[in-house]
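Okay, so here's the structure we're looking at.
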Amino acid sequence: MSSGEQTSLLQQKPPRSARPKNRRRRSSFDPSTYNSIGTIADTPSNQNVSKEDGLGLLQILGLTICMAGVQFTWTVELSYGTPYLLSLDLSKELTALVWLAGPLSGLLVQPLIGAFSDKCTSRLGKRRPFIIVAGILTCLSMIGVAYAKEFGAWIARHFYSPDVFDSTAHTYAIVVAVSSFYFLDFTLNAVQAICRALILDIPPLWQQEYANAWSARMSNCAMVVGYFAGFMDLVKYFPWMGDSQIKVFCVVAMIVFVVTLAITCFTVKEKQYVETEDQDTLPWYNTLQYIWRAFRFLPKPIQSLCNTQFFAWMGWFPFLFYSTQWVSDLYFSTHPPVSPGEGDWAEGTRAGSFALLCNSMVSVVAGMVVPALVMRFEKKGIWWLSLLNVYTGSQLIIAAALLSTWFIRSVTAATVVLAIMGIPWAVVLWIPFSLVGEYVSYEDERRKKGDIPQQTTSGAIEDQHDDFDAGMILGVHNMYIVFPQFAVAIISSLIFAASAGEEKDPNDDGRSNVSTVLAFGGLMALLAALASRRIVRVKK
């Protein structure tokens, strides 16, 4: 058919808003091109196709260092968020509502940002404009967190009478702090989504495991450094940055954040996305349709991974929310204070913090060792140490560790359990994103080789978004991580309410009711281990 006939056809018959049911398909992914449970087929190079050039180590470091800045900034919120809000006299109930910003931002921001960046036509590339804008907004939100009291005092001084200065300044300090934390969650989630999409965009298929392994290493190292920085008396060493710990920590985090993002933006070369004429005619709500279609018609490799991730994070969130509280409760049960004192509570908090630090250090080591072993043994065809088998094994470790919390009564044993959890934490930051990266790179290579038919009829306009890009796939994948956070918050509150009404067993001294929630997470990890055996992996 000639180009003139194609144009005439498009003009006479506009594209339908929905595809007939008998023509619906999940994606352009061909079932014959994937396999499951750890068996990796030959690479394209064995099929008379030249292997795409990969990235050098320095290029990989420049690409993934942005994740270090993102994770370091997260440590500000994770380590100081709740104590800082409580220091402003915000109630624990309202503080819990503040942390709903995390799942809300993940549910709303990441799919939208991913969808818009997939179609960005800026000369800077698809991802970098969003990294720059979201990075600037993240820095502004951290300024709001650090100087909430000063902003509150300024508002009270300029807009209210001196008689109500103290109460008004305090009220607005809380408003500024809470608003800034919400804004920080939304903007930092946006940066994280775009950075992960960029890491999937740049390396070729055969380097996805390697690139995502370095991404996990960057995150783990930044987490350890961030917790160390939080434990230091920063005001003592950097008095010129601020007069409180939260101020100095926020300033240090902004410096690390800006430097790491700048390195990535300057060292990574993106290709400019060229929009087709067909896409110019799409309606304004097309992006929302794109998100909904991606959520409903995920390719089988991604859908099988998302199903596993749902149960996996049902196990992770009890640990992330309540592990330090569990260690603290065990400390108080084995070190009962003679009289109520602030020092005793500080000791309990440090015990929980030390256990979390051990967890971070183990995750750094595991993030270095496990990916190297897996990539080496996979090449040798040793099936029991394949990527998917390691992922299943990590879920079994989580299940064993969290179920054991029901029986543990000492702080030392609890610290060991939290340290062991560093191994599967290194895995969960690496393997799922590596599997997503394999699929995205595989589809990109198929498009370049012309394996995907290019239709020119109106049906092609309907089908053009079935080949979902990295940003959209990551956004939907993140939704399967966010949903468990809502579920765990509700289920854990029900468990606490039920345990509060029970009479304490005199033969069960030392057990924290938090262990019930952690044991529930262990059961969910068992379901994730079963679901992981059905994960579908593309051929490389």
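The values are calculated or read from the model by the stated rules, or taken from the named source; none is laboratory data. Everything quoted here is computed from the prediction, not taken from an experiment. Methodologically, a virtual Cβ is constructed for each residue, glycine included, from the backbone with ideal geometry; neighbour enumeration extends over all protein chains shown. Note: areas computed on protein heavy atoms with side chains; ligands, DNA, RNA excluded. Shrake-Rupley method; radii C 1.70, N 1.55, O 1.52, S 1.80 Å.
Between T171 and L320, what is 0.36 nm times their sequence separation minus the Cα-Cα distance? Round to one decimal in nm. Before the final figure, lay out each step's value.
Values: separation 149, 0.36 × 149 = 53.64 nm, distance 3.01 nm.
Separation in residues times 0.36 nm, less the Cα-Cα distance, equals 50.6 nm.
Points 7 angstrom from Cα along the Cβ direction at V133 and R157: gap in nanometres?
Using points 7 Å along Cα→Cβ, the separation is 3.5 nm.
Over the range 152-250, average the accessible area per residue using a 1.4 Å probe and give it in Å², no decimals.
41 Å²
Using each residue's phi in the range 140-157, evaluate 6.51 cos²θ - 1.76 cosθ + 1.60 at θ = phi - 60° and report the 3J(HN,Hα) Karplus result to the nearest Hz, with x for Gly and Pro.
5, 5, 5, 4, x, 5, 5, 10, 4, 5, 5, 5, x, 5, 5, 5, 5, 6
Do any trypsin sites (Lys or Arg not before Pro) in the range 362-438 lie in a DSSP loop with no more than 14 other beta carbon atoms within 10 Å, and if so, which?
Values: sites: R376, K379, K380, R409; in loops: K380, R409.
Passing both the DSSP loop test and the Cβ count: K380.
So for R296, R533, R123, what's the accessible-area order with a 1.4 Å probe, most first? Don't skip to the answer; put the middle values down first.
On the way: R296 120, R533 85, R123 195 Å².
Largest to smallest exposure gives the sequence R123, R296, R533.
How do D444, D163, D243, D118 stack up against each other in accessible area, from largest to smallest, with a 1.4 angstrom probe? Each step should come with its number before you reach the end.
Working: D444 50, D163 145, D243 115, D118 0 Å².
Sorted by accessible area, descending: D163, D243, D444, D118.
For the residue pair R123 and F238, what label-to-label distance in nm results when each label sits 7 Å from Cα along the Cα-to-beta-carbon direction?
Rounded to a tenth, the inter-label distance reads 3.6 nm.
Which FRET efficiency value, to the nearest 0.05, is calculated for L86 and F295 with the Förster distance at 35 angstrom and r the Cβ-Cβ distance?
Working: r = 37 Å, r/R0 = 1.06.
The formula returns an efficiency of 0.40 here.
Under 5 Å between amide H atoms, partner at least 5 residues away or on a different chain: which partners does R537 have, H built in plane at 1.01 Å?
Answer set, sorted by chain and number: N35, S36, I37.
Whenever you get a sec, line up L112, L402, L55 from highest to lowest accessible area (probe 1.4 Å, protein heavy atoms). Numbers along the way, then the final one.
On the way: L112 65, L402 0, L55 40 Å².
So, going from the largest accessible area down, we get L112, L55, L402.
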